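Please read the structure below before turning to the comments.
The values are calculated or read from the model by the stated rules, or taken from the named source; none is laboratory data. Owing to the predicted nature of the structure, the values given are computational and were not obtained by experimental measurement. Note that each Cβ is placed from the backbone with ideal geometry, even for glycine, and that neighbours are counted across all protein chains shown. These accessible areas exclude ligands, DNA and RNA; they are computed on the full protein's heavy atoms, side chains included. Shrake-Rupley method; radii C 1.70, N 1.55, O 1.52, S 1.80 Å.
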Amino acid sequence: NAYWPFCGEVYILEQDKDVLKWLRPALSQFAIYWKHNSQRYIPDFVVETKDVIYMVEIKAETDIDDADVQEKAAAGKKYCDAVTEFNLKNRGKKWEYLLIPHSAVALNMSFMSFA
């Protein structure tokens, strides 16, 4: 398969008028740890919309239920909950975690169809 990772996702993010900003996090941008705090977790994307900031992970559909994927997702959700709690007290936006199977991504979709 000649599929370049994230080419469809990037296209969707660039084309969707509801997406204000998006980024691919740098290696040390987030201090999110999993596997008993021994591994750093780096999400695939962070996407800002009018009301919410989303932490997004794209995984092969066959890997969605994998224990490591689920542990990373739990760490991402915990991070989003903590940031949301702080932000809502300080006039910021809510953060939400999205775990999306790669097979759900199609070029004719909007980002908000995942949210």
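Structure notes:
- Förster radius 22 Å - calculated FRET efficiency between residue 66 and residue 10, Cβ distance, rounded to 0.05: 0.35
- Carbon and sulfur %, accessible surface of the chain computed with the full protein complex present, 1.4 Å: 52
- In the calculated pair-distance distribution of the chain, the portion above 24 angstrom amounts to 25 percent of the Cα-Cα pairs.
- Which of 36, 19, 86, positive extreme of dipole for the chain (C-beta unit charges): 86
- Full extension of the chain segment joining residue 88 with residue 106 gains 3.2 nm, where the gain is 0.36 nm per residue of separation less the Cα-Cα distance.
- Cα-based Lys pair tally, the chain, threshold under 13 Å, eight or more apart or on separate chains: 8
- With protein chains left intact and a 1.4 Å probe, residues in the chain average 64 Å² of accessible area per residue.
- Ranked by how many other beta carbons lie within 10 Å on average, peptides 44-55, 66-77 from highest: 44-55, 66-77
- Counting 0.36 nm for each residue step from residue 18 to residue 35 and taking away their Cα separation leaves a gain of 2.7 nm.
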